[in-house]
Amino acid sequence: MEQYIIKGGNPLVGEVDISGAKNAALGILAAAIMTDDTVLIENLPDVRDINVMLEAMTDIGVKVERITRHAALMNSSAIGGVSVDYEFIKKIRASYYLIGALLGKYKRAEVPLPGGCNIGSRPIDLHLKGFKALGAKVTIRNGSICAEAETLRGSHIYLDTVSVGATINIMMAATMAEGRTIIENCAREPHVVDVANFLNSMGANIKGAGTDVIRIRGVERLHATEYSIIPDQIEAGTFMFAAAATKGDIMVKNVIPKHLEATTAKLLELGCEVEEFDNAVRVVASRRLNCTNVKTLPYPGYPTDMQPQIGVALALASGTSIVTESIFENRFKYMDELARMGAVSKVEGNTAIITGVDRLTGARVSAPDLRAGAALVIAGLAAEGVTVVDDIVYIQRGYECFDEKLQSLGAEIEKINSEKEAQKFKLRIG
Ligand code: UD1
């Protein structure tokens, strides 16, 4: 099992290029099957979730040609079945986007129910409510969601909770439905907008993405397109917090600063300097961080996917901070790992009270999920001594070349596969 080994203590300094947004790419790849023409998708991140999604799509008959590391041509004219294999859905929940895309195009989809997830219960009732409102019959058979309709008809749908997945999935299913669909209380995340822009570039008629009401006028067919995915705001934010926690100076390049506003606002409260450019942000942390409070919210609020990263920074800040997680109920497991590095916190329900310490010390920790895993790497980079992070397969789901990008900023981090490699690293760093 691969691990990261880290010798902490170096401020991270330099420039880093951000990859395409994983969560936008997952929606866009699914949406790409809705045309029989060939589409070109650029700025695809080369991360595990995307590669598994492409395998799932190949498995149902989509022809995928990866023309470069970050671009793929896709043709879905010869899709052989509408039934997605459980092997894929258990690895990436977001393969549920194939329900909306297949149902929208073929009026039929069969996709296994996504399994449990380690950040809390993640129901998909709102996705199903939307499909039903469009006229689909939705049943659960042998562990799979089977959705089918003679015709899909536009409808007025109100989402009880703001959900990124439900917004994107229903939007896809409604794209080729007859008539007009209105979705209210939509998620406004940049990747919702990106998937809508992608569908519109194929001839869809979607208005209002980025606001809480999306209006869709169904079209009969979608056509070829060439599309470049937006930069990943969570990867960008992770590097911004790496600068903050290590008292570094990082120019985070290839980003849309507007998408980073909630993260930037918190970094300013922590006492960092943040300079915005057209498509870059520079974060400089020259002194000990201030404490602050933060509550995760749907966009444009502070993202839940950036909660562990700020948690690590606050563990090193002066004073006591309160972090409230309002999206997922089980997203503080990393606090137990951080405690092994000397952090002081108390978790009560969806709140963590963190009392900053002067320093963290290296320890062996385990990544509980994707973002918490990245946050523990940041903790290791800020800590004194050597940290080993287990279960980095979670981190590889969503961060392209995480170790290499960090090395280019001066981090002493290596991917290792054995105790022997760990010893070699320790000998080399002395
Ligand atoms: C997406 C992101 C994930 C991020 C999350 C919140 C992708 C692939 N993943 O996940 O990284 O952490 O948004 O920004 O884009 N809910 C229901 N019923 C539903 C659907 C959701 O009750 O049918 C609830 C969830 O339990 C949660 C809240 O709605 O409390 C938000 O979840 P949602 O926005 O749907 O998250 P995902 O789309 O799964």
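Farthest towards the positive end of the charge dipole of segment 22-228, among the residues 81, 149, 225, is the Cα of 149, using unit charges on the Cβ of Lys, Arg, Asp and Glu.
When the chain is treated as a GNM with alpha-carbon contacts under 10 Å, the residue of 92, 378, 124 showing the greatest mean-square fluctuation is 124.
Show 37, 194 ordered by accessible area, largest first, where the area counts protein heavy atoms only and the probe is 1.4 Å.
Order by accessible area, largest first: 37, 194.
For the chain, the Cβ-based charge dipole about the Cα centre amounts to some 580 debye (Lys, Arg positive; Asp, Glu negative; other atoms uncharged). Cα centroids of segment 233-309 and segment 363-421: 19 Å apart.
The C-alpha radius of gyration of segment 22-228, expressed as a fraction of 2.2 N^0.38 Å, stands at 0.91. Ordered from highest to lowest accessible area with the whole protein assembly present and a 1.4 Å probe, 369, 46, 212 read as 212, 46, 369. Across the chain, C-alpha contacts under 8 Å between residues 6 or more apart give a mean separation that, scaled by the residue count, equals a relative contact order of 21 percent. In this simple spin-label model, placing a label point 7 Å from the Cα along the Cα-to-Cβ direction at both residue 150 and residue 129 gives a separation of 2.7 nm. Placing unit charges on the Cβ atoms of the charged side chains and taking the dipole of the chain about its Cα centre, the candidate lying farthest along the positive direction among 416, 183, 398 is 183. Distance from the C-alpha centroid of segment 105-181 to that of segment 1-41: 26 Å, rounded to the whole angstrom.
Using a Gaussian network model of the chain in which every pair of alpha carbons under 10 angstrom is joined by a spring, one finds that among 170, 145, 416 the greatest mean-square fluctuation is at 416.
Please identify which residues in segment 194-220 have an amide N closer than 14 Å to a label point set 7 Å out from the Cα of residue 184, following the Cα→Cβ vector. Counting backbone N atoms under 14 Å from the label point, the list is 212-215. Protection proxy ranking, highest mean first, for peptides 104-111, 77-84: 104-111, 77-84, where packing is the per-residue count of other beta-carbon atoms within 10 Å, averaged. A 1.4 Å probe over all protein chains sorts 150, 269 by accessible area into 150, 269, starting with the largest.
Please give the contour-minus-distance gain from residue 279 to residue 113: 0.36 nm per residue of separation, less the Cα-Cα distance, rounded to one decimal in nm. Numbers along the way, then the final one.
Numbers: separation 166, 0.36 × 166 = 59.76 nm, distance 3.87 nm.
Stretched fully, the residue 279-residue 113 segment lengthens by 55.9 nm.
The values are calculated or read from the model by the stated rules, or taken from the named source; none is laboratory data. What you are looking at is a predicted structure, and each value in this text was computed from that prediction instead of being measured. Glycine gets a Cβ as well: all are built from the backbone with ideal geometry, and neighbour counts include every protein chain shown. With ligands, DNA and RNA removed, areas are computed over all heavy atoms of the protein, side chains included. Shrake-Rupley method; radii C 1.70, N 1.55, O 1.52, S 1.80 Å.
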